[in-house]
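**Q** My questions will all concern the structure given below.
The values are calculated or read from the model by the stated rules, or taken from the named source; none is laboratory data. Keep in mind that this is a model prediction, so the values were computed, not measured. Counting neighbours? That spans all protein chains shown, and the Cβs are built from the backbone with ideal geometry, glycine included. The protein model used for the area step is the full one, side chains on, heavy atoms only, and it has no ligands, DNA or RNA in it. Shrake-Rupley method; radii C 1.70, N 1.55, O 1.52, S 1.80 Å.
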Amino acid sequence: MLLSTLHTPRTLSRLSLTRHSHSYTSRASLTDQTPTLTTSPPPHSEILSTRQTLLSRHASAVDLALSRLARLRLTEPRLRAFLHLPDDDTLLSQARRLDALIAAGDDPGPLAGVLVGVKDNICTKDMPSTGGSRVLAGYRPPFDATAVKRVRELGAIVVGKTNMDEFGMGSTTEASAFQVTANPWDESRVPGGSSGGSAAAVSARQCVVSLGSDTGGSVRQPASFCGVVGLKPTYGRVSRFGLMAYASSLDTIGCFGSSVADTGILLHAIAGHDRFDATSSKQDVPDFQSQFVSVSSLESKPLKGLRVGLIRETIDKGVDAGVISAIRAAAMHFEELGCSVNEVSLPSFSLGLPAYYILAVSESSSNLSRYDGIRYGNQVYADELDSLYGGSRAEGFGSEVKMRILMGTYALSAGYYDAYYKRAQQVRTIIRNSFKEALSQNDILISPAAPSVAYKIGEKKNDPLAMYAGDIMTVNVNLAGLPALVLPCGFVEDGPAGLPVGLQMIGAAFNEGELLRVGHIFEQTLENCRFVPPIVADGDIAF
């Protein structure tokens, strides 16, 4: 059934920005060759704009860093997106090194001068990495996570560590042991979680892009709440080395950007096999930037022939009417671009949430056992070993983490393993097979990224079941190990300037390139939607 028969299309007017670009074709070319500047770059890319500005000598890396830092210092007391910010001299010294490379005629790297926020459960050797938990307060790893190491090698500057729900267990950042982050669109609302700090920082233009982690939607739901682009790659596309483990079979490092192009460029930088992570894939990393075509060169039906499946179960009861309206409007926009859009049913979709929470808490109860005050974590004084273990964990962990450890330990205990964990794994197989079948008949699947827009801080803090239910749109993708891209597609009238709604696009395994291609075209042709929050002053959006 074509969706255009159900609703009348919207009338929209396009926004356009002009950017400059370079081209590269492989990881080797990123570091071993000087990228070639082109005259027809993909638009909407702060990364490419930053590089062009530096290479053309219109501004220095120090100038760009100072501009971004000024905005960060101005907005951070209100948003509280970062848990740790190094002093300005440390950041500016990195910018000066980039300026010296450019002055000497050397290539500073494709991410030169790009300020990157890093979620606090991703290890950085020169900054604290606490996972949002008091049990790791003050911990400084002796190494960088592979993803962090790769962006630094390509010229990026890590601007700070972003706030998060403790060990990734939450959907609002309210479970952080240190502070609650505010949503840039309405500071009385949550930014989502658990990567809420990373999403809020990009939304408020405190940094250009950021890294997060996604175990059950922790990149995609905050992207929706904050009106930015969020990408969860295929499981194994990006190394997990240096990512603090929550649920190892589900954890994935993901990317945030203010555009599809920036998100894809960041993914290209961090993707690829890593000998330090046995689960990282040896699949070739394609040139994602080749997917970004300027709107001026597009045909009238640039997505003609693309088969899009709208998951019926995601636009049913329990989903806010405003969200459903925005998603249906997005589906009609796909039809305007030449796609065939049909509703598809995934009967196993509702099974994902209980299966996910059994598997995730079970794995977390095992992974977090290392934080005992002896092997890892801050230690409390005690006369007996058992008291030391118990005291260190009792004082170090927050209530949400404790609850999930208890649930996981119960699910794995003798007599309950078959009833819970084994059955959840069987459901996971069913979900994986249902996605495989749906994607054999459709090129991509679409759904809301969350059943609602951002809600008030404290609104669901005392109702964990309601908060868990908010993950219904995202957890199935993690169970299946598939890639998913979230980008803003519309607004619900609420708050001082409306609240953004995120569209989730799901693809086949290792098909991030197609998601980025489709998302980039959708983003360029979506009209009358300017996803810049009130906290960002007009005229201060780009460099």
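**Q** Within the bounds of segment 330-353, is there any residue that is of a type in the set (A, V, I, L, M) and in contact with a Cys (Cβ under 9 Å, 6 or more places away or on another chain)? Give the derivation first.
**A** Of all residues in segment 330-353, those of a type in the set (A, V, I, L, M) come to 330-332, 337, 341, 344, 346, 351, 353.
Subset that is in contact with a Cys (Cβ under 9 Å, 6 or more places away or on another chain): 330-331.
Yes; the residues of segment 330-353 include at least one that is of a type in the set (A, V, I, L, M) and in contact with a Cys (Cβ under 9 Å, 6 or more places away or on another chain).
**Q** Touching a Ser or Thr at 6+ places or on another chain (Cβ under 6 Å), open to solvent by 20 Å² or more (accessible area, probe 1.4 Å), within 17 Å of S447 (Cβ to Cβ) and in contact (Cβ under 8 Å) with a residue 12 or more places away in the chain: which single residue out of E335, E343 fits that description?
**A** Details: E343 fails: touching a Ser or Thr at 6+ places or on another chain (Cβ under 6 Å).
Sole residue among the options that is touching a Ser or Thr at 6+ places or on another chain (Cβ under 6 Å), open to solvent by 20 Å² or more (accessible area, probe 1.4 Å), within 17 Å of S447 (Cβ to Cβ) and in contact (Cβ under 8 Å) with a residue 12 or more places away in the chain: E335.
**Q** Give me the pairs: first residue in segment 163-183 and part of a helix (DSSP H, G or I), second residue surrounded by fewer than 24 Cβ atoms within 10 Å (Cβ to Cβ), beta-carbon distance under 7 Å, and six or more apart or on different chains, which are they?
**A** Cβ pairs passing all conditions: E166/A177; E166/G398; E166/E400.
**Q** Still on this structure, please answer the following. For segment 286-301, name all the residues that are within 11 Å of H520 (Cα to Cα) and part of a loop (DSSP other than H, G, I, E, B).
**A** Passing the criteria: F292, V293, S294.
**Q** Would you please list the contacts, defined by Cβ atoms under 6 Å and residues six or more apart or on different chains, that run from a residue in segment 401-415 that is within 16 Å of Y356 (Cβ to Cβ) to a residue that is among the small types (G, A, S) and assigned to a helix (DSSP H, G or I)?
**A** R404/S364; G408/S362; G408/S364; G408/S365; A411/S362; L412/S362
**Q** How about segment 320-396: which helices (runs of 4 or more DSSP H) wholly inside it have at least 1 residues that are touching a strand residue (DSSP E or B) at 6+ places or on another chain (Cβ under 7 Å)?
**A** 321-336, 385-396
**Q** Which condition number in (1) at pLDDT 95 or above; (2) open to solvent by 70 Å² or more (accessible area, probe 1.4 Å); (3) closer than 30 Å to R140 by Cα is the one that G408 fails?
**A** (2)
**Q** Can you name the number of the only condition in (1) more than 18 Å from A269 (Cβ to Cβ); (2) modelled with pLDDT under 50; (3) part of a loop (DSSP other than H, G, I, E, B); (4) of a type outside the set (D, E, K, R) that L37 fails?
**A** Among (1) more than 18 Å from A269 (Cβ to Cβ); (2) modelled with pLDDT under 50; (3) part of a loop (DSSP other than H, G, I, E, B); (4) of a type outside the set (D, E, K, R), L37 violates only (3).
**Q** Oh, and also: Can you tell me which residue among R78, R152 is open to solvent by 10 Å² or more (accessible area, probe 1.4 Å), outside any loop (DSSP other than H, G, I, E, B) and under 22 Å from Q52 (Cβ atoms)? So that I can check it myself, show each step before the final result.
**A** Working: R78 fails: under 22 Å from Q52 (Cβ atoms).
Answer to the check: R152.
**Q** Follow-up. Residues to consider are A100, A70, A104; find the one that is under 30 Å from T172 (Cα atoms), without any contact (Cβ under 8 Å) to a residue 40 or more places away in the chain, open to solvent by 40 Å² or more (accessible area, probe 1.4 Å) and of a type in the set (A, V, I, L, M, F, W, C).
**A** Residue meeting the stated conditions: A70.
**Q** Go through (1) in contact (Cβ under 8 Å) with a residue 40 or more places away in the chain; (2) under 15 Å from S60 (Cα atoms); (3) open to solvent by 10 Å² or more (accessible area, probe 1.4 Å) one by one and return the number of the condition V114 breaks.
**A** Among (1) in contact (Cβ under 8 Å) with a residue 40 or more places away in the chain; (2) under 15 Å from S60 (Cα atoms); (3) open to solvent by 10 Å² or more (accessible area, probe 1.4 Å), the lone unmet condition for V114 is (3).
**Q** What tally of residues in segment 453-473 results from selecting those that are in contact with a Leu (Cβ under 6 Å, 6 or more places away or on another chain) and among the β-branched types (V, I, T)?
**A** The initial filter retains those residues of segment 453-473 that are in contact with a Leu (Cβ under 6 Å, 6 or more places away or on another chain), namely 453-454, 472.
Then drop every residue that is not among the β-branched types (V, I, T), which leaves 453, 472.
Selection size over segment 453-473: 2.
**Q** Kindly provide the set of residues from segment 514-528 that are out of contact with any Leu (no Cβ under 8 Å at 6 or more places or on another chain) and open to solvent by 10 Å² or more (accessible area, probe 1.4 Å), ordered by number.
**A** Residues satisfying the conditions are E514, R517.
**Q** Could we say that A394 is surrounded by fewer than 16 Cβ atoms within 10 Å (Cβ to Cβ), among the small types (G, A, S) and at pLDDT below 90 here?
**A** On the way: surrounded by fewer than 16 Cβ atoms within 10 Å (Cβ to Cβ): yes; among the small types (G, A, S): yes; at pLDDT below 90: no.
No; evaluated as a whole, the condition is false for this residue.
**Q** One residue is enough: does segment 192-212 have a residue meeting the conditions open to solvent by 10 Å² or more (accessible area, probe 1.4 Å) and in a strand (DSSP E or B)? Full working, then the answer.
**A** Quick first cut of segment 192-212, residues open to solvent by 10 Å² or more (accessible area, probe 1.4 Å) only: 205.
Then keep just the ones that are in a strand (DSSP E or B); that gives none.
No.
**Q** Quick one: how many residues across segment 222-235 are open to solvent by less than 10 Å² (accessible area, probe 1.4 Å) and more than 16 Å from V532 (Cα to Cα)? Quick ask: steps written out before the conclusion?
**A** First pass over segment 222-235, keeping only residues open to solvent by less than 10 Å² (accessible area, probe 1.4 Å): 222-234.
Applying the additional criterion that residues be more than 16 Å from V532 (Cα to Cα) yields 231-234.
Residues meeting the conditions: 4.
**Q** Return the residues of segment 374-391 that are in contact with a helix residue (DSSP H, G or I) (Cβ under 9 Å, 6 or more places away or on another chain), open to solvent by less than 100 Å² (accessible area, probe 1.4 Å), closer than 22 Å to S129 by Cα and free of Cβ contacts under 8 Å to residues at least 60 places away in the same chain; say none if nothing qualifies.
**A** Result: I374, V380.
**Q** Identify, by number, the condition in (1) open to solvent by 10 Å² or more (accessible area, probe 1.4 Å); (2) of a type in the set (A, V, I, L, M, F, W, C); (3) at pLDDT 95 or above; (4) under 30 Å from A201 (Cβ atoms) that C255 doesn't meet.
**A** For C255, the exception is condition (1).
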